[in-house]
Amino acid sequence: MKFAIQTRNDTLSERLRDEAKGYLSDFGLEYDENEPDIVLSIGGDGTLLHAFHKYIHRLQHTAFVGIHTGHLGFYADWKPLEIEKLVISIARKEYDVIEYPLLEVRINYRTSDEVATYLALNESTVKSPEVTLVMDVELNGEHFERFRGDGLCMSTPSGSTAYNKALGGAIIHPALPAMQLTEMASINNRVFRTVGSPLVLPSHHNCVLTPVNGPDFMVTIDHLQLLHKDVKSIEYKVSGQRVRFARFRPFPFWKRVHDSFIASDE
Ligand code: NAD
């Protein structure tokens with residue numbers, strides 16, 4: 001089995017990387033930065049997001065596992081002290097693989113037939129760089145509303161505990177293949193109206209955002225922020241691809257929610 005390690009580049013993460021690399025090599029596993037079967041992410045959730053995007057071209061062949069060197073993360077849920085146990089389980093292949101849904105993002109342009117496509121593990125957001133964002137929101141080909149405000153966020157179930165949660169979205173269990181649209185400070189008065197509630201869409205639905213003002217938008221895909229010019233539309237749907245996580249012990253999603261937001265014994 002081949003492995004790779006992604007770190008946050010702080011001293012503790014680097015030390016743990018050397019330790020894990022040494023142990024795994026002693027067990028006869030091969031370090032392969034290009035085609036790993038398993039990727040250890042050492043740092044935080046952000047480190048795992050980076051690892052996901054680095055190996056996005058081989059999601060079917062690579063499983064991820066996260067060790068946190070700061071606070072408990074949603075993806076980075078192993079403690080540094082558990083690294084030896086983790087490495088032994090990897091070497092003995094004593095783990096299950098669980099899969100979480102992803103978001104597919106397609107950006108169409110006014111001036112070309114080019115389509116930019118992305119996969120998000122957490123979410124994609126759309127904001128206007130200068131003026132209020134005005135977007136027509138279409139659900140399954142039908143006009144739903146005209147949004148005016150700071151921005152819109154479409155999140156995955158595993159991303160529902162991230163930016164989506166800060167926007168008042170619901171926490172969605174990642175066993176549900178869904179995506180969730182939340183508003184960022186919508187303008188609502190007698191003239192302008194949006195639904196005001198987060199929308200949870202199933203996997204066979206799609207959502208298209210069409211700009212009403214200004215063709216340039218800041219579109220985020222997880223930690224990546226990209227300025228897109230001359231945007232004609234932005235399409236969202238639940239991707240047919242999934243991300244794979246190696247699970248070495250039960251750590252149910254709701255327990256992670258509890259430990260992250262309510263109380264943890266760490
Ligand atoms: P980062 O690594 O500092 O992450 C920011 C925070 O988000 C960290 O505390 C991290 O643990 C947490 N986080 C990331 N994914 C999570 C998840 N699925 N569930 C619960 N918490 C999660 O910064 P970054 O590398 O730029 O990370 C990008 C992410 O930051 C984005 O995907 C977005 O979800 C999040 N974000 C949140 C807000 C907000 O809450 N207001 C604003 C911008 C971005």
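The values are calculated or read from the model by the stated rules, or taken from the named source; none is laboratory data. Bear in mind that the values here come from a model prediction, so they are computed numbers and not experimental data. With ideal geometry, Cβ positions are generated from the backbone for all residues, glycine too; neighbour counts draw on all protein chains shown. These area figures cover heavy atoms from the full protein model, side chains too; ligands, DNA and RNA do not enter into them. Shrake-Rupley method; radii C 1.70, N 1.55, O 1.52, S 1.80 Å.
Given the residues Thr69, Thr11, which is the only one that is polar (S, T, N, Q) and in contact with a helix residue (DSSP H, G or I) (Cβ under 8 Å, 6 or more places away or on another chain)?
The match here is Thr69.
Find the residue count for region 65-91, including only residues that are farther than 30 Å from Met179 by Cα and open to solvent by 10 Å² or more (accessible area, probe 1.4 Å).
Total satisfying the criteria: 8.
Being open to solvent by 60 Å² or more (accessible area, probe 1.4 Å) and under 30 Å from Tyr31 (Cα atoms) narrows it down to one of Glu142, Glu94, so name that one.
Glu94
Tell me which residues, restricted to region 27-50, are closer than 15 Å to Ser89 by Cα and open to solvent by less than 70 Å² (accessible area, probe 1.4 Å).
Result: Gly28, Leu29, Asp37, Ile38, Val39, Leu40.
Which of the strands (runs of 3 or more DSSP E) contained wholly in region 169-266 include at least 1 residues that are over 22 Å from Ser112 (Cα atoms), open to solvent by 50 Å² or more (accessible area, probe 1.4 Å) and touching a residue at least 60 places away in the same chain (Cβ under 8 Å)?
Per the criteria, 206-211, 224-228, 231-247.
So Ala185 ticks every box in (1) within 20 Å of the chain's Cα centre (by Cα); (2) modelled with pLDDT of 95 or more but one. Which box is left unticked?
(1)
Quick one: which of Ala120, Ala162 is under 15 Å from the mean Cα position of the chain (by Cα) and open to solvent by 30 Å² or more (accessible area, probe 1.4 Å)?
Going through Ala120, Ala162 in turn, the sole match is Ala162.
I need the full set of residues from region 120-164 which are of a type outside the set (Gly, Ala, Ser) and near the ligand (Cβ under 9 Å from one of its atoms), in order please. Can you show your working first?
We begin by selecting, within region 120-164, every residue of a type outside the set (Gly, Ala, Ser); these are 121-123, 125-127, 129-140, 142-148, 150, 152-154, 156-157, 161, 163-164.
Correct list: Leu121, Asn122, Glu123, Thr125, Cys153, Thr156, Thr161, Tyr163, Asn164.
Restricting to region 8-26, name every residue that is crowded, with 17+ Cβ neighbours inside 10 Å and within 23 Å of Arg92 (Cα to Cα). Outline the logic, then answer.
From region 8-26, those crowded, with 17+ Cβ neighbours inside 10 Å are 8, 13, 16-17, 20-21, 23-24; that's our starting set.
Passing the criteria: Leu16, Arg17, Ala20, Lys21, Tyr23, Leu24.
Being assigned to a strand (DSSP E or B) and either under 26 Å from Ile38 (Cα atoms) or polar (S, T, N, Q) (or both), is that true of even one residue in region 145-162?
Yes: one or more hits.
Would it be correct to say that His53 is open to solvent by 30 Å² or more (accessible area, probe 1.4 Å) and either within 16 Å of the ligand (Cβ to nearest atom) or in contact with a Lys or Arg (Cβ under 6 Å, 6 or more places away or on another chain) (or both)?
Yes.
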